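Written out below as C-alpha cells is the structure these notes cover.
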Amino acid sequence: MFRSVRQRIQLIGRLRQILRVLARHGFYQILKRLALHRHLSLWERVRFARLHQREDKDAAVHLRQACEDLGPTFIEFGQLLSSRPDLVPETFVQELRRLLAHARPEPWPAIQRVLTEQLGAAPTPFRSIEHQPLAAASIAQIHRATLKRDQTPVVLKVQRPGIDRLIAADLAVMRQLAQLAEKYLPESRTLNPADMIEEFAVSIGQELDFILEAANTERFARAFADDLHILAPRIYWEWTTPKVLVMEYIDGTPIDDIERLRRVRIDRQQVAERLLRAFLDQIFRFGFFHADPHPGNFLVRRGGRIAFLDFGLAGQISQDEQRTLAELFSATLTEDYERVAALWLDITHAGADVNRPAFQRDLEPILRSQMNQPYERIRIGELFLQLVQNGARHGLRLPRELFLLFRTFAEIEGLLRLLHPGFNVVALCRAFSAEQTAAAHAPAQLLAATREGLEQWAGTAGRLPGEVEDLVKKMAAGRLSIDFVHRGLEFLIGELDRSSNRIAVGLIVAALIIGSSLIILAGTGPTLWGLPVFGLVGFSAAFILGVLLVLLVLRSGKY
C-alpha cells in the first residue's frame, strides 16, 4: 500500500497517535481485545487502563470527542455514521450529529502554494483574491476573487495542502482496524466494518475530487436550465483542477436567515414549494440529486429564485429505483401499508430468512402514527427514516444511495418547516405524484416505454442463440464448469490456520524435548559440562520455541 519506508514509518506513527487518542477517550479495553494495546508503551498501558476504570462518561460522547481530536478524516467518518441510524444506535447518532466540519483557516501562503501548483506559475487569471476565506471546512476553504478579463466576481474552493495524504494514511489505518474488529469483536460483524470503511472511502474520495464536484454542478445546471426558479453556479473549467474549483460568485440570502428574508419581502411559502418541487424533480425526473442540503448550501435571490451550492456530495438512482420509489411514495401517501411493506422488502433485497409478517406488523404502527396526524404535522422524511430503522431491526439494509436520498428528504423537510411552519408537504407530494402518474400514462410515454421494452427483448432474442450454442459447445467439449464462492469463511479459515500452526510448533517442541532427553540418557557424542552437546542444543531450541509460542498466545489476547 505504501511503497517507501518513509511512508510506512509515517503510517505507524499515525497508527500510534490514533491508538493514544482512542485509549485516552476510554476505548482501551477495545484496543486490548483487538490486540493493539501492545503498540503503546508499558507506562501508557497502565495509565490508560486506570483512566478507563475511573471514566464514567457515555461511550457516544467518547467517540465524538475522539473523532474531533483525530482530525478531518474521523470527523467526516463520524458524520457518515450519524447519517446511518440503520447501522448505529440512536444515542451515537444524536451525539455524532454534534460534530462540526468547520476548521481553523489555513494560512494564505499555504493556500497560495496550492494555487501555484495547480494553476502553474504563469500569469494569474485573477485580478485579486481575498486572503481572508469566506468559509473554512476540514477539507477545503473558500476565497472570493475577481477575474482579470472582465472583472467578474468568482469563488475559489481550494483544497487544504496535504489533506489527501492525511486521509489516505487514515483510511489505511481504519481498514486495518476494521479487519481486526471483524476478527476479534464478534458483535461488530453484523455491522460489516470493512464495508462501512469502503463506503466511507468512496464518499470522501468523491469529496476530494473537485473535477467530479464541478461535473455534478454542471449536470444539475443542465437539468434545471429551463427552470426560472432554480440555478447553480457557473463553472470556469479552464481554471478548475482536482484541487481547485473556480465558480461563479452568487449573492443571496441564506435560506435559514428568516429575518432577512422577511425584510426583503421574499414569499417564504413560495420558496418552500419551489425547493420541494426541485427535490422531487431531481429524484423522479433526473435520477440525480444534491445530497448535502445544509442551510448554507442554499441561497435565495430576489424574486424567490433558489441557488444550489456545493455539489461535493451527490446521489444517483437508476430508472428501476425511480419506478420503485414512485410506487413507494404513492403507497405511503395513500396509506397502502401492505404495498409499502412489499416495496420495502423489494428495495432492500430481502432474503428468505427475513420474517416478513413480523416486519409488516412492526411497520404498520409507524405509518399510522404519522399519516393519521394533521397534514401540517406529518413528517414524510422522518417517516422514511423510521422505516429504515425498522428494517434494520429485521436485518434489512438499505442501499447507500437510497438511504442518502431519504436522509436528504428529511433534511429538506426540516428547511421547509423553517421557511413556513404550516407548510403542507403531503399536499404538494400528492399533486406531484398525480402529475407523474398522468405523465406516465400519456400516449407518448406509453409508446416510448413499449418501444424500450421491445428493444430490450429484441436484444435478448438476438443474443440468445449464440449464447445457447456456446453453452452446448462447452458441454460437448467437457469444458463446462461451475464455480463455488464461499462467503464469510475467511475468519474461520484464518483461525484454523493459526491454530494448526501453533499445534505444529507445539509438536516440534515436544519432539525436541523427547529427542534431547533420549540423547542425554544415551550419553553419546561430544559433551559440554558433562552432558551431550546435541541434547543441550535440542533443549535450548525447545525452550526458545516454547517461549515464542507462549508470547504469541499472550499477545493475541486469547488465553
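The values are calculated or read from the model by the stated rules, or taken from the named source; none is laboratory data. Everything quoted here is computed from the prediction, not taken from an experiment. Cβ coordinates were reconstructed from backbone atoms using ideal geometry, including for glycine residues, and neighbour counts include every protein chain displayed.
Side notes on the structure shown:
- Checking Ala23, Ala66 one by one, the residue that is modelled with pLDDT of 70 or more and either under 23 Å from the mean Cα position of the chain (by Cα) or not in a helix (DSSP H, G or I) (or both) is Ala66 and no other.
- The set of residues in region 242-280 that are crowded, with 19+ Cβ neighbours inside 10 Å, in contact with a helix residue (DSSP H, G or I) (Cβ under 7 Å, 6 or more places away or on another chain) and not in a strand (DSSP E or B) comprises Lys243, Ile255, Leu261, Arg268, Val271, Ala272, Glu273, Leu275, Leu276, Phe279, Leu280.
- Residues located in region 108-120, provided they are in a helix (DSSP H, G or I) and not aromatic (Phe, Trp, Tyr): Pro109, Ala110, Ile111, Gln112, Arg113, Val114, Leu115, Thr116, Glu117, Gln118, Leu119
- Top-ranked residue of region 524-540 - restricted to ones that are touching a Leu at 6+ places or on another chain (Cβ under 7 Å) and of a type in the set (A, V, I, L, M), ranked as modelled with the highest pLDDT: Leu536
- Where Thr73 falls short, out of the listed (1) touching an Asp or Glu at 6+ places or on another chain (Cβ under 8 Å); (2) in a helix (DSSP H, G or I); (3) more than 22 Å from Ile211 (Cα to Cα): (3)
- Evaluation of Gln322 against (1) buried (at least 18 other Cβ atoms within 10 Å of the Cβ); (2) touching a Gly at 6+ places or on another chain (Cβ under 6 Å) (one fails), failing number: (1)
- Test: residue in region 106-120 that is at pLDDT below 85 and out of contact with any strand residue (DSSP E or B) (no Cβ under 6 Å at 6 or more places or on another chain): yes
- One residue from Ile493, Ile514, Ile503, Ile544 being closer than 30 Å to Ala181 by Cα and either among the charged types (D, E, K, R) or modelled with pLDDT of 75 or more (or both): Ile503
- In the set Gln360, Gln316, Gln370, only one residue is closer than 30 Å to Val158 by Cβ and either crowded, with 16+ Cβ neighbours inside 10 Å or within 20 Å of the chain's Cα centre (by Cα) (or both); that residue is Gln316.
- Only a single criterion out of (1) touching a residue at least 40 places away in the same chain (Cβ under 8 Å); (2) in contact with a helix residue (DSSP H, G or I) (Cβ under 7 Å, 6 or more places away or on another chain) is not satisfied by Ser188, namely (1).
- Of all residues making up region 121-164, the number that are part of a loop (DSSP other than H, G, I, E, B), in contact with a Leu (Cβ under 7 Å, 6 or more places away or on another chain) and among the aliphatic types (A, V, I, L, M): 1
- Residues of region 368-389 include at least one that is touching a Leu at 6+ places or on another chain (Cβ under 7 Å) and in contact (Cβ under 8 Å) with a residue 60 or more places away in the chain.
- Selection of region 319-352 for residues being within 24 Å of the chain's Cα centre (by Cα) and either polar (S, T, N, Q) or under 15 Å from Phe286 (Cα atoms) (or both) yields Gln319, Asp320, Glu321, Gln322, Thr324, Leu325, Thr348.
- The residues in region 130-144 that are modelled with pLDDT of 90 or more and over 17 Å from Ile250 (Cα atoms) can be counted, and the count is 3.
- Note on region 238-270: residues that are farther than 30 Å from Asp209 by Cα and over 31 Å from the mean Cα position of the chain (by Cα) total 13.
- Candidate set from region 281-306 (those that are of a type in the set (A, V, I, L, M) and in a strand (DSSP E or B)); member that is farthest from the chain's Cα centre (by Cα): Val300
- Qualifying residue in region 236-244 (condition: of a type outside the set (Asp, Glu) and without any contact (Cβ under 8 Å) to a residue 24 or more places away in the chain): yes
- Of all the listed residues (Leu521, Leu549), the sole one being modelled with pLDDT under 75 and surrounded by 15 or more Cβ atoms within 10 Å (Cβ to Cβ) is Leu549.
- Restricting region 218-233 to residues that are among the aliphatic types (A, V, I, L, M) and exposed (fewer than 14 other Cβ atoms within 10 Å of the Cβ), the residue that is farthest from Arg302 (Cα to Cα): Ala225
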